[in-house]
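Asker: Take this structure, written in structure tokens, and hold onto it; I'll ask about it next.
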Amino acid sequence: MEMKEIKLEDLDTKNFVKEKVSEISAAVGDALAINALSGGVDSSAVTMLGHKALGNRLRTYFIENGLMREGEPKRIVRLFGELGVPVEVVDAQKEFFGALKGITDPEEKREAITRVFYKDVFSQLVRKSGAKYLLQGTNYTDVEETVAGIKRQHNILKQLGIDTEEQYGYKVIEPLIQLRKSAIREVAKALGLPEEIYQRPPFPGPALAARVIGEVTPDRVEIVRRATRIVEQELSRTGAFQYLAILHEDRVTGIRDGKRDYGLQIEVRCWESKDAKVGWPTRLAYDVLEKLSDRITGEIEGVVSVTYSITKKPPSTIEAI
Ligand code: XMP
């Protein structure tokens, strides 16, 4: 990789913010820029940097792709509203579910999501707003994993030979590309974001689609969304790096009300990690695991099996697809 990592111990957050703000101002000039805010630490930090640099020449959108966690759009719009950053919600659920229809291969799913984001949704927003630039929160680990051929991260374009200006009509600015997650948290804190944002566990760009094995349909996303809510409620106090629920494609025989129920399987993962590069499963207490199983099978109709992954990364990855 040609660009160099800025390690947490070498990061001077104040200087970094100052430098990036002036780089963004210089690059955008008098033009307009857009950015998509998901509420994760990376896109939140970029939103604040862009807002500092450009003020109302930055248009911030929350893309409602139908793949986000419960209540997210409202929560994020409210939170940034309180910080003086207006956020417009764009409903793109039809486009995303349309592109994901019938696809089961993990890399094809990731590619479909990238295509809808950059080609359909952003190109349209750029045309509508007259913006020439897209600001986004690509980080060092995203580039590394995509270049290594492990996973195509949703936000990697240039490194895959995509010329966004030629193909989509806008340039991409990536102020966080030299930082890993722990350094981005420090920058987010320095930018005045609240703790609930700068300490938020990571959440992938492809959102809950990264946690559905097999076809991603609105119904299947809804199952994983409900399981995610339970997992987050039960595991947030562990302080783990990341915790998630995955919906499997295979069914297994279960029993419900004395009858055979050929039902769904949910896998829970809870990770200890510093930078998502390597990870270990958290040694959860058995009563915590038991409560997860009771709640997931009791509250989500059709689920008859809950498993906990005990595999490290590598050879596992953090998400399922
Ligand atoms: P994996 O699954 O590759 O995940 O071990 C490493 C970290 O990155 C997050 N992740 C993504 N983040 N776009 C992102 O912005 C993506 O396409 C993506 N895929 C995974 C994942 O949640 C974990 O923290």
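The values are calculated or read from the model by the stated rules, or taken from the named source; none is laboratory data. As the structure is a computational prediction, the values presented were derived from the model and not from experiment. Glycine also receives a Cβ, built like all others from the backbone with ideal geometry; neighbour counts cover every protein chain displayed. All accessible areas refer to the heavy atoms of the entire protein, side chains included, with ligands and DNA or RNA removed. Shrake-Rupley method; radii C 1.70, N 1.55, O 1.52, S 1.80 Å.
Asker: So which lysines can LYS14 reach, going by Cα to Cα under 21 Å and dropping same-chain residues fewer than 8 places off?
Answerer: Straight-distance partners of LYS14: LYS4, LYS52, LYS181, LYS189.
Asker: In whole percent, what relative contact order does the chain give with Cα contacts below 8 Å and a gap of six or more residues?
Answerer: Once divided by the residue count of the chain, the mean separation gives 17 percent.
Asker: Between LYS313 and residues 5 or more places away or on another chain, which pairs have amide H atoms under 5 Å apart, with H built 1.01 Å from N, and which residues are they?
Answerer: GLY279, TRP280
Asker: Beyond a 18 Å Cα-Cα separation, which of these cross-linked pairs lie in this structure: LYS274/LYS313; LYS20/LYS128; LYS109/LYS151?
Answerer: Pairs exceeding the cut-off: LYS20/LYS128.
Asker: Between the helical axis of 13-28 and the dominant principal axis of the chain, each derived from Cα atoms, what acute angle in degrees is found, rounded to the nearest 10?
Answerer: Approximately 70 degrees, to the nearest 10.
Asker: Restricting to Cα atoms and excluding each atom paired with itself, what does the Kirkwood estimate give for the chain in Å?
Answerer: Answer for the chain: a Kirkwood hydrodynamic radius of 20.5 Å.
Asker: Highest mean first, what order results for 235-245, 113-123 on Cβ atoms within 10 Å?
Answerer: The most tightly packed comes first, giving 113-123, 235-245.
Asker: Let me ask you something else. Considering only protein heavy atoms, what per residue accessible area in square angstrom results for segment 32-107 with a 1.4 angstrom probe?
Answerer: 41
Asker: Taking the dipole about the Cα centre of the chain, with the C-beta of Lys and Arg at +1 and of Asp and Glu at -1, give me whichever of ILE266, LEU100, ILE177 is farthest to the positive side.
Answerer: Final value for the positive-end residue is ILE177.
Asker: Further, regarding this structure: In degrees between 0 and 90, to the nearest 10, how far off the longest principal axis of the chain does helix 72-82 point, with axes built from Cα atoms?
Answerer: For helix 72-82, the angle is close to 40 degrees.
Asker: Here's something else I'd like to know. Helix-only mean residue ellipticity at 222 nm, the chain, DSSP H runs n ≥ 4 weighted -39,500 (n - 2.57), per residue, nearest 500. What is it?
Answerer: -11500 deg cm²/dmol
Asker: Which ³J(HN,Hα) values, rounded to whole Hz and listed in residue order, are derived for segment 278-283 from phi using the Karplus coefficients 6.51, -1.76 and 1.60 in 6.51 cos²θ - 1.76 cosθ + 1.60 with θ = phi - 60°, glycine and proline given as x?
Answerer: Values per residue, Gly and Pro as x: 10, x, 9, x, 5, 7 Hz.
Asker: Separate question: In straight Cα distance, which aspartates and glutamates are under 17 Å from LYS277, not counting same-chain residues fewer than 8 positions off?
Answerer: GLU5, ASP42, ASP142, GLU144, GLU145, GLU319
Asker: For segment 121-274, with only Lys/Arg (+1) and Asp/Glu (-1) charged at the beta-carbon, what is the dipole magnitude about the Cα centre, in debye rounded to 20?
Answerer: 220
Asker: List the residues whose amide H sits under 5 Å from the amide H of TYR308, counting only those 5 or more places along or on another chain, with H placed 1.01 Å from N in the peptide plane.
Answerer: Amide H neighbours of TYR308: VAL268.
Asker: Can you compute the equivalent ellipsoid semi-axes for segment 74-145, i.e. the square root of 5 times each eigenvalue of the Cα gyration tensor, sorted largest first and rounded to whole Å?
Answerer: 25, 17, 15
Asker: Next question. When DSSP beta bridges are limited to those with both residues in the chain, what percentage is antiparallel, rounded to the nearest 5?
Answerer: 40
Asker: Only residues of segment 29-58 count here: report those whose backbone N is under 11 Å from the spot 7 Å along Cα→Cβ of LEU83, or say none.
Answerer: 37-52
Asker: Additional query: How big is the charge dipole of the chain about its Cα centre, in debye rounded to the nearest 20, if each Lys and Arg gets +1 on its Cβ and each Asp and Glu gets -1 on its Cβ?
Answerer: 320
Asker: Length gain on complete extension for the stretch ARG251 to GLU232, per 0.36 nm per residue less the alpha carbon to alpha carbon distance?
Answerer: Fully extending the segment from ARG251 to GLU232 adds 4.4 nm.
Asker: Between ARG59 and residues 5 or more places away or on another chain, which pairs have amide H atoms under 5 Å apart, with H built 1.01 Å from N, and which residues are they?
Answerer: ALA33, ILE34, ASN35
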